[in-house]
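Quick notes on the structure that follows.
The values are calculated or read from the model by the stated rules, or taken from the named source; none is laboratory data. Being a predicted model, the structure only gives us computed values, none of them experimental. Methodologically, a virtual Cβ is constructed for each residue, glycine included, from the backbone with ideal geometry; neighbour enumeration extends over all protein chains shown. In case anyone asks, the SASA skips ligands and DNA or RNA and just uses the protein heavy atoms, side chains included. Shrake-Rupley method; radii C 1.70, N 1.55, O 1.52, S 1.80 Å.
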Amino acid sequence: MGYINSVLRVNLTTGEISREGLNRKWADLYYGGKGLGIKYLYQELEPGTDPLSDGNKIILLTGPFTGTIVPCSGKLSVVTKSPLNGAALDCSVGGNIAGELKYAGYDMVILEGKSPEPVYLVIEDGEASLMEAGFLWGRGTLDTEKELLKLHGEGARVLSIGPAGENIIPYACLTSELYRQAGRGGAGAVFGSKNIKAVVVRGTGGVGVADMPGLLKAAQKAMREDLLTDTNLWAYTDGTPMLVEMSQNSGILPTRNFQQATFEGFESLASPSMQKARAGKKACLSCGLGCGNYTVKGAARVEGPEYETLSIGGSNCGIADLEAVVKFNALCDDLGLDTISMGSTIAFAMEMTEKGIKDLGLRFGDVSSYLEAPELVAFRKGKGMELALGVRGLSERYGGREFAMQVKGLEFPGYEPRGSWGMGLAYATAPRGACHMSAWPVAEEAYGERDPYTVEGKAGLVADLQHYNALKFSLILCDFWALSFDLMAELLTPILGREVAAGELELAGERIFNLLRLFNTREGFTGKDDTLPDRIFNQGLVGGPGAGKILPREEFTKMLGEYYRLRGWDANGIPEKDTLIRLELT
Amino acid sequence: MSIVKVDFRGPLTRYGNNDGSLSEYELPADSVVTVQDMLDKLGVPSHHVGLVAVNGQKAARSTVLKEGYKIILFPVVAGG
């Protein structure tokens, strides 16, 4: 129970659509979402597959909680090989489409091959078909979604790409419900390379659970005693914009391409300013928190901006104008661009100009060129051709590698590692590159009482958090709910109809994280890729409580070595045989 | 009379003034008052408080408060 036991496989080359059973053995070991997706990808993808070729696959997944009354279980997981860096990519998108997929009779959808013409996939209560999508090609995600809802009914849910995905920008994203994104790593470009514009889902079925009274009781208890308490309600009252002021005060707010860790204009981007511009709230399916904020500022409106956009698209570009950031967010959403990679790339280009390396017409704080950039990128026009390379690509072409803020080709999100040394390790070791979703030690370091400027204890902290998130995103639960493994087990037990132990879940998290490592190792990544840009090791922080701090290279190396040992990986970062046996990965 | 100003964020605003203005806290004369002492006096549960900022910078619970200081109390956060 908890699963539909049904997988939809769509071969876009031949148009063949088939239904197959869910691999239950894998579901027992990996649960769903991120974990199950990487297992399928690892088994089915030929090593060395070009991410933009018809050999790549993109998998949409639910989890055992999806579609049930378990709170915060509304996210859809997306797994593929990243066109940005060739690593394993998993990302997720909120809203309602994950539940809808299960109600339509599927646990997951595997898209493979490449369609000769633009198409979109329609899934309606078990039936699936490919439809011609020429009339949608070139249109933004907002327009696309509205058009598809007209055709398939307001109750349907849509996942789509914008022009950036069609034009195979390596940091193009997937959008659902207008403003929710599977943002990082270029899943939108994989859709575009396969000529698939959108997936439309309509389902009216349900999800069976083994013990409904038991689940009602467990879910009610979780809501009352855990979710809707002061531990989590910041997500409702403020949402992620609250982190702007927290990062400013703790000295980790990326400013002017990570040259500074505090921003003189932070107040215009902080939560009190956002609350004044708030026009409404939004929650995903089954969520009791409702973190989404509709914002209207001047002529600009969007659901958002989240912290990552306020920091990377705001302070990191030297932009203190909330209306401009709202506009930037809305543009990226409609064009189908990841705001983090786009913002980071603009900030890098701004510093290239400042340093006299290459002038792409972008200057820190200049709103007009900043707002022109997303469209130029999405349509590969003018300087957009260059900006589409992303930070690593630009630095390889023109120089500036020491301040190219990326790891494994994925641009930095909004946390300064010199002010949170564990976050540096998290960026260096996250499977998809510089990523804040693999582990988030800033909560304990920069925002908490743990010393952020030491490597002591950080290897274990980061590894534990990586297991926690790997499992959470496999079940699939939202990252804003800080629940324990014990509570996850209490909720899963009545769904599956067997006693689930917290230790079993923790071990599964470690298994999933190691499988991601095996995938990347097979693709040629080594321990040498687990590093950070030179700026972090060499240049003292400017401003804030961490002024003058670096993350010393020898300290980082020590922390990384300890992390490998704790994980049971060799000196090159390859999992040892004993580790693989212990985790049932042989 | 030594006064510090206290601002609350997120769900912690319930411990401040209803109108959202800065709360004032009077430091007792002739004794050292830390951030933690103030939390206890205001009845703010310590485990629900995450970052504490004093005069725009992260501070420890043991930070000693002085006249005119501005304190912001943030809740514990999760996620990313």
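For this structure, a couple of remarks:
- Test: residue in region A:233-242 that is away from chain B (no Cβ under 11 Å), of a type outside the set (Gly, Ala, Ser) and surrounded by 24 or more Cβ atoms within 10 Å (Cβ to Cβ): no
- Considering the conditions (1) part of a loop (DSSP other than H, G, I, E, B); (2) facing chain A (nearest Cβ under 7 Å); (3) not basic (Lys, Arg), B:Val32 is excluded by exactly one of them, (2).
- Meets criteria (open to solvent by 30 Å² or more (accessible area, probe 1.4 Å) and on the phi < 0 side of the Ramachandran plot) for A:Lys102: no
- Filter result for B:Ser2 (of a type in the set (Gly, Ala, Ser), more than 21 Å from A:Pro272 (Cβ to Cβ) and in contact (Cβ under 8 Å) with a residue 24 or more places away in the chain): yes
- Yes/no for A:Gly393 being at pLDDT 95 or above, away from every other protein chain (no Cβ under 13 Å), open to solvent by 10 Å² or more (accessible area, probe 1.4 Å) and over 25 Å from A:Asn514 (Cβ atoms): yes
- Restricted to region B:47-80, and to residues there that are of a type in the set (Gly, Ala, Ser) and under 17 Å from A:Thr262 (Cβ atoms), the residue that is farthest from the chain's Cα centre (by Cα) is B:Gly56.
- Of the criteria (1) more than 14 Å from chain B (Cβ to nearest Cβ); (2) outside any helix (DSSP H, G or I); (3) open to solvent by less than 10 Å² (accessible area, probe 1.4 Å), which one A:Thr531 fails: (3)
- Test: residue in region A:58-74 that is open to solvent by 20 Å² or more (accessible area, probe 1.4 Å), touching a Gly at 6+ places or on another chain (Cβ under 8 Å) and at pLDDT 95 or above: no
- Picking from residues in region B:39-80 that are surrounded by fewer than 21 Cβ atoms within 10 Å (Cβ to Cβ) and among the basic types (Lys, Arg), the one that is modelled with the lowest pLDDT is B:Lys41.
- Members of region A:121-179 found to be in a strand (DSSP E or B) and closer than 25 Å to A:Arg380 by Cα, listed by number: A:Glu132, A:Leu159, A:Ser160, A:Ala172, A:Leu174, A:Thr175, A:Ser176
- Qualifying positions in region B:1-23 - in a strand (DSSP E or B) and within 12 Å of another protein chain (Cβ to nearest Cβ): B:Asp7, B:Phe8
- Taken together, A:Gly399, A:Gly382, A:Gly304, A:Gly365 contain a single residue that is open to solvent by 20 Å² or more (accessible area, probe 1.4 Å) and either in contact with a strand residue (DSSP E or B) (Cβ under 8 Å, 6 or more places away or on another chain) or under 23 Å from A:Asn538 (Cα atoms) (or both), which is A:Gly399.
- Out of A:Thr345, A:Thr353, one residue alone is in contact (Cβ under 8 Å) with a residue 24 or more places away in the chain and either touching a Cys at 6+ places or on another chain (Cβ under 7 Å) or part of a helix (DSSP H, G or I) (or both). It is A:Thr345.
- Region A:434-484, subset closer than 19 Å to A:Pro64 by Cα and of a type in the set (Gly, Ala, Ser), residue nearest to the other protein chains (Cβ to nearest Cβ): A:Ala482
- Yes/no for A:Leu551 being in contact with a Pro (Cβ under 7 Å, 6 or more places away or on another chain) and over 14 Å from A:Ala463 (Cα atoms): yes
- Test: residue in region B:54-74 that is within 10 Å of chain A (Cβ to nearest Cβ) and closer than 30 Å to A:Phe473 by Cα: yes
- Residues in region A:455-468 that are surrounded by fewer than 24 Cβ atoms within 10 Å (Cβ to Cβ) and without any contact (Cβ under 8 Å) to a residue 60 or more places away in the chain: A:Glu456, A:Gly457, A:Leu461, A:Asp464, A:Leu465, A:His467, A:Tyr468.
- Residue in region A:480-490 that is modelled with pLDDT under 95 and open to solvent by 10 Å² or more (accessible area, probe 1.4 Å) present: yes
- Identity of the residue in region A:66-113, in contact with an Asp or Glu (Cβ under 9 Å, 6 or more places away or on another chain) and among the β-branched types (Val, Ile, Thr), that ends up farthest from A:Gly35 (Cα to Cα): A:Ile97
- Lone unmet requirement of (1) more than 30 Å from A:Val462 (Cα to Cα); (2) in a strand (DSSP E or B) for B:Leu73: (1)
- Conditions (1) at positive phi; (2) within 17 Å of the chain's Cα centre (by Cα): number failed by A:Asn195: (2)
- A residue that is in contact (Cβ under 8 Å) with a residue 60 or more places away in the chain, among the aliphatic types (A, V, I, L, M) and open to solvent by less than 10 Å² (accessible area, probe 1.4 Å) cannot be found anywhere in region A:46-56.
- Within region A:54-69, if we keep just the residues that are farther than 18 Å from A:Ile110 by Cα and hydrophobic (A, V, I, L, M, F, W, C), the residue that is nearest to the chain's Cα centre (by Cα) turns out to be A:Phe65.
- Residue that is surrounded by the most Cβ atoms within 10 Å (Cβ to Cβ) [pool: residues in region B:1-38 that are within 19 Å of A:Asp230 (Cα to Cα) and among the charged types (D, E, K, R)]: B:Arg9
- Whenever a residue of region A:507-520 is not assigned by TED's automatic domain parsing to the domain that holds A:Glu44, its partners that are surrounded by fewer than 21 Cβ atoms within 10 Å (Cβ to Cβ) and polar (S, T, N, Q), lying with C-beta atoms within less than 7 angstrom and at least six residues away or across chains, give the pairs A:Asn514/A:Thr579.
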